[in-house]
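In what follows, a single structure is set out as structure tokens and then discussed.
The values are calculated or read from the model by the stated rules, or taken from the named source; none is laboratory data. This one's a predicted model, so the numbers in the text were calculated from it and none came from an experiment. As a convention, Cβ positions derive from the backbone with ideal geometry for all residues, glycine included, and neighbour counts pool all protein chains shown. These accessible areas exclude ligands, DNA and RNA; they are computed on the full protein's heavy atoms, side chains included. Shrake-Rupley method; radii C 1.70, N 1.55, O 1.52, S 1.80 Å.
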Amino acid sequence: SLTVYTDGFRAYEPLEEDDAFDREYVVHGDGEYVDGDVHVNTCESHRGISKDKLTPYLRAFQLRRRVYRKPGKEALETILETAL
């Protein structure tokens, strides 16, 4: 599964119900900005992904990560298996 670091924003809560993702988060409202490796300091400027499209967006990155170093035919098979 893919680990996703977020802040405490409620729009990310569906990730907790999806077995494909592990969500770790910090709660800025409680004064928590870093917890070990968990922080969102490098992604604060990336706004604009709607909560309805967040899961498909992350799944696309997860697929890209799975096929990145596979040879062409194996990568294509993985993509087709995922899509179908």
Of the numbered conditions (1) among the aromatic types (Phe, Trp, Tyr); (2) open to solvent by 100 Å² or more (accessible area, probe 1.4 Å); (3) outside any loop (DSSP other than H, G, I, E, B), TYR33 satisfies every one except a single condition; which is it?
(3)
Hey, LYS51 open to solvent by 90 Å² or more (accessible area, probe 1.4 Å) and touching a helix residue (DSSP H, G or I) at 6+ places or on another chain (Cβ under 6 Å) or not
yes
Starting from region 6-28, take each residue that is farther than 14 Å from VAL38 by Cα and of a type in the set (Lys, Arg) and list its partners that are open to solvent by 50 Å² or more (accessible area, probe 1.4 Å) and in a helix (DSSP H, G or I), counting only C-beta distances under 9 angstrom and pairs at least six apart or across chains.
ARG10/LYS51
What number of residues within region 62-74 satisfy the criterion of being exposed (fewer than 11 other Cβ atoms within 10 Å of the Cβ) and touching a residue at least 40 places away in the same chain (Cβ under 8 Å)?
1
Could you please find all residues in region 10-62 being under 27 Å from GLU77 (Cβ atoms), modelled with pLDDT of 85 or more and over 10 Å from the mean Cα position of the chain (by Cα)?
ASP18, ASP19
